[in-house]
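Taking it in order: structure first as structure tokens, then the write-up.
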Amino acid sequence: MPDASHGPAPRQLDVAIVGGGLAGLYSIHRLRGMGLKVRAYEAGSGVGGTWFWNRYPGARCDVESLEYSYSFSNELQQEWKWPERYGTQPEILKYINHVADRFDLRRDVQLNTRIVSAHFDSKAGEWILKTDGGEEIRARYCVMAAGNLSTPRVPDFKGLQSFKGKWYHSGLWPHEGVDFTGLRVGVIGTGSSGVQMIPIIAQQAKHLTVFQRTANFSLPARNGPMEPERERSHKAEYPARRAAAADTPFAIAGHAKPTKSALDVSDDERNQSYEAKWQEGGSISYLYAYTDLLVNKQSNDTASEFVRNKIRSMVKDKRTGELLAPKDHPIGTKRLCLDTNYYETYNRPNVGLVDVRSDPIAQITEAGLRTEGGQTFELDAIVFATGFDAMTGALREIDVRTSDGAILRDHWEGGPLTYLGLMMSGFPNMFVVTGPGSPGVKTQMIASIEQHVDWIADCIGHMRKEGFSRIEPSPQAEMDWVHHVNKVADSTLYPLANSWYMGANIPGKPRVFMPYVGGFDRYKRHCDAVAAKGYEGFELSRQKVIA
Ligand code: N01
């Protein structure tokens with residue numbers, strides 16, 4: 001009988017899953033299907049992860065919905081109807097909830113529950129997780145499905161507490177929505193979130209001031225209602241299209257692979273090709289115009305300049321247009337934004353752009369904001385579209401350690417170390433879905449989630465079949481992989497940008513290029529080969545468990 005003085009007996013699981021977003025839900029489905037006892041823990045009051053939290057005006061996926069959806073059930077992908085080319089946040093959340101119901105996933109999700117620590121008890125061969133409510137969970141395996149962009153970050157501005165108006169972060173948006181009608185609004189940040197919300201807020205607000213530190217490249221989304229013929233033909237070939245997507249670097253099908261360098265064609269031909277891609281909309285198509293846009297600076301310059309000229313031609317005020325035209329990074333090396341009327345918004349009389357690179361924000365005041373140069377702005381509301389502690393933030397917030405003395409925060413002190421982005425040496429039986437060192441964030445995310453979870457499920461299946469109880473990467477395999485990830489990144493233009501891929505948006509965060517940019521196709525083949533060679537690089541053991 002449990003001793004009442006020590007609270008309820010710990011819950012005993014085969015697999016504890018951290019997160020109830022797209023990754024957590026698919027993990028439940030896949031692992032439960034193997035007969036394992038699983039449960040996911042989700043801090044939010046609903047499932048959906050990023051799509052549960054990011055409810056800011058204009059929030060929408062920048063990958064087409066027919067691609068950005070689960071592929072594991074052909075019935076699901078055939079039956080679900082996406083109303084628009086790019087799904088809105090409410091539509092995607094509706095879809096995720098539908099999946100949770102359809103596959104009866106909710107019974108294994110515990111909402112309103114944050115995991116605060118995960119300790120590996122080496123003798124028992126178990127992870128012991130603690131929740132913010134004091135509950136204890138014991139599980140042989142732990143799957144971290146906590147998201148890459150799930151730790152919102154408000155910069156440490158002096159005076160924020162004194163602000164008399166209301167302030168919001170894009171990633172923690174109030175569920176009831178925000179009405180900016182008649183208000184003087186300031187938006188800080190011009191990444192994907194800022195670029196999506198600015199045109200919508202501008203329509204409501206009395207006046208909108210955008211505080212831009214770095215101009216970002218944005219391409220037109222060319223969103224619209226789903227064309228029936230497009231949907232029909234896509235669905236007719238769905239499984240083949242998914243397979244074709246898995247054979248591409250971004251896990252997105254339907255774009256002819258480029259064959260030429262941007263420098264191998266005439267100026268006219270190149271500009272015509274960029275123009276066609278610009279008219280078509282979407283970011284993959286544009287970056288796929290030539291083979292070398294992400295590896296050759298000279299080639300990239302042609303693509304960057306084409307977009308800069310577009311921006312200059314769309315924005316009437318010359319100075320504003322020039323400020324909006326990015327010059328500090330090659331196009332595509334920061335997450336390329338997709339927009340609907342972003343640049344045109346700056347032609348509205350109620351919208352102003354402030355360059356906080358040359359004159360940084362000094363402090364938030366009672367009435368608004370003041371820059372170091374002494375400019376003051378009176379604001380009724382401030383929106384922080386300032387991003388996230390990306391890729392490592394969610395795991396670093398959890399106290400992950402082992403009884404053998406390993407501490408994840410220490411292990412990642414100089415930047416994240418993983419093998420394949422899937423596991424860390426010294427942390428047995430803990431898997432990460434689309435972690436640093438994997439290509440996840442550089443791909444159609446759901447394809448990566450499915451690939452990772454399938455790999456993890458197969459690995460656990462292999463262990464059970466062969467009687468292994470413990471797996472972890474060797475320190476050497478981990479070091480080699482990190483080295484490989486860096487080498488691949490260094491062969492591209494990505495490191496030239498100060499991006500969240502590099503941890504550059506968080507003061508003090510180690511500058512390490514985190515995603516694997518060798519491509520989804522190459523990565524998947526590598527993961528499959530590792531498994532086929534008996535999990536090469538991993539140490540598998542049959543531990544005698546002391547219960
Ligand atoms: O965040 P970001 P995000 N003073 O980090 C600025 C995904 N996503 O939420 O570049 C002034 O990109 C910062 O300036 P700088 C997508 O993967 C997808 O927009 O650091 N400014 C930057 O402009 C995306 O990449 C979708 O100089 C400050 C902005 O805030 C990722 O999420 C939609 C500042 C942050 O941009 C993150 O996007 C939305 C300061 N102190 C998000 N600190 C779609 O699918 C930061 N900034 C479409």
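The values are calculated or read from the model by the stated rules, or taken from the named source; none is laboratory data. None of the values given here were measured: they were computed from a predicted structure. Don't worry about glycine lacking a Cβ; one is built from the backbone with ideal geometry, like all the others, and counts go over all protein chains shown. Just so you know, the surface numbers come from the protein's heavy atoms only, side chains and all, with ligands and any DNA or RNA stripped out. Shrake-Rupley method; radii C 1.70, N 1.55, O 1.52, S 1.80 Å.
Below is a table of values for the structure above.
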{"read-out": "Meets criteria (open to solvent by 10 Å² or more (accessible area, probe 1.4 Å) and over 18 Å from Ala146 (Cβ atoms)) for Gly415", "value": "no"}
{"read-out": "Asp156, sole failed condition from (1) open to solvent by less than 20 Å² (accessible area, probe 1.4 Å); (2) within 11 Å of the ligand (Cβ to nearest atom)", "value": "(1)"}
{"read-out": "Scope the stretch 120-140; condition surrounded by 18 or more Cβ atoms within 10 Å (Cβ to Cβ) and polar (S, T, N, Q); matching residues", "value": "Thr131"}
{"read-out": "Subset of the stretch 120-153 that is more than 17 Å from Gln110 (Cα to Cα) and among the polar types (S, T, N, Q) - its residue that is farthest from the ligand (Cβ to nearest atom)", "value": "Ser122"}
{"read-out": "Residue within the stretch 314-329 that is touching a residue at least 40 places away in the same chain (Cβ under 8 Å), surrounded by 18 or more Cβ atoms within 10 Å (Cβ to Cβ) and within 11 Å of the ligand (Cβ to nearest atom) present", "value": "yes"}
{"read-out": "The stretch 253-265, residues that are part of a helix (DSSP H, G or I) and either surrounded by 15 or more Cβ atoms within 10 Å (Cβ to Cβ) or among the small types (Gly, Ala, Ser) (or both)", "value": "Ala262"}
{"read-out": "Answer from Ile456, Ile471 - the residue that is in a helix (DSSP H, G or I) and of a type in the set (A, V, I, L, M, F, W, C)", "value": "Ile456"}
{"read-out": "Top-ranked residue in the stretch 274-295 [being open to solvent by 30 Å² or more (accessible area, probe 1.4 Å) and not aliphatic (A, V, I, L, M); ranked as farthest from Ser65 (Cα to Cα)]", "value": "Thr291"}
{"read-out": "Residues (open to solvent by 30 Å² or more (accessible area, probe 1.4 Å) and aliphatic (A, V, I, L, M)) located in the stretch 483-501", "value": "Leu496"}
{"read-out": "Residue selected from the stretch 75-95 under the condition charged (D, E, K, R) and closer than 21 Å to Gln196 by Cα, by the criterion surrounded by the most Cβ atoms within 10 Å (Cβ to Cβ)", "value": "Arg85"}
{"read-out": "Only listed residue being at positive phi and either surrounded by fewer than 24 Cβ atoms within 10 Å (Cβ to Cβ) or of a type outside the set (Val, Ile, Thr) (or both), chosen from Gly421, Gly435, Gly461, Gly393", "value": "Gly421"}
{"read-out": "The stretch 511-534, residues that are part of a loop (DSSP other than H, G, I, E, B), of a type outside the set (A, V, I, L, M) and either surrounded by 17 or more Cβ atoms within 10 Å (Cβ to Cβ) or within 16 Å of the ligand (Cβ to nearest atom) (or both)", "value": "Arg511, Phe513, Pro515, Tyr516, Gly518, Gly519"}
{"read-out": "One residue from Val15, Val47 being part of a loop (DSSP other than H, G, I, E, B), surrounded by 20 or more Cβ atoms within 10 Å (Cβ to Cβ) and not basic (Lys, Arg)", "value": "Val47"}
{"read-out": "Verdict on Phe72 being open to solvent by 30 Å² or more (accessible area, probe 1.4 Å) and aromatic (Phe, Trp, Tyr)", "value": "yes"}
{"read-out": "Residue in the stretch 96-106 that is within 16 Å of the ligand (Cβ to nearest atom) and open to solvent by less than 30 Å² (accessible area, probe 1.4 Å) present", "value": "yes"}
{"read-out": "Flag if Phe538 is surrounded by 15 or more Cβ atoms within 10 Å (Cβ to Cβ), at pLDDT 95 or above and of a type in the set (A, V, I, L, M, F, W, C)", "value": "yes"}
{"read-out": "Residues of the stretch 416-442 satisfying the condition of being over 18 Å from the mean Cα position of the chain (by Cα) and assigned to a loop (DSSP other than H, G, I, E, B)", "value": "Leu417, Met424, Ser425, Gly426, Phe427, Pro428, Asn429"}
{"read-out": "Out of Arg32, Arg55, sole residue that is out of contact with any Pro (no Cβ under 6 Å at 6 or more places or on another chain), more than 15 Å from Leu93 (Cα to Cα) and of a type outside the set (S, T, N, Q)", "value": "Arg32"}
{"read-out": "Residue, nearest to the ligand (Cβ to nearest atom), within the stretch 221-244, restricted to residues that are touching a strand residue (DSSP E or B) at 6+ places or on another chain (Cβ under 9 Å) and open to solvent by less than 40 Å² (accessible area, probe 1.4 Å)", "value": "Ala221"}
{"read-out": "Test: residue in the stretch 334-354 that is within 15 Å of the ligand (Cβ to nearest atom), touching an Asp or Glu at 6+ places or on another chain (Cβ under 8 Å), open to solvent by 30 Å² or more (accessible area, probe 1.4 Å) and more than 20 Å from Ser491 (Cα to Cα)", "value": "no"}
{"read-out": "Selection count where residues are at pLDDT 95 or above and in a helix (DSSP H, G or I), scope the stretch 287-303", "value": "7"}
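Yes/no per residue for (1) surrounded by fewer than 20 Cβ atoms within 10 Å (Cβ to Cβ); (2) under 15 Å from Leu379 (Cα atoms); (3) within 16 Å of the ligand (Cβ to nearest atom):
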| residue | (1), (2), (3) |
| --- | --- |
| Trp167 | yes, yes, yes |
| Gly171 | no, no, yes |
| Gly182 | yes, yes, no |
| Gly186 | no, yes, yes |
| Gly194 | no, no, yes |
| Pro199 | no, no, yes |
| Lys206 | yes, yes, no |
| Leu219 | no, no, yes |
| Ala251 | no, no, yes |
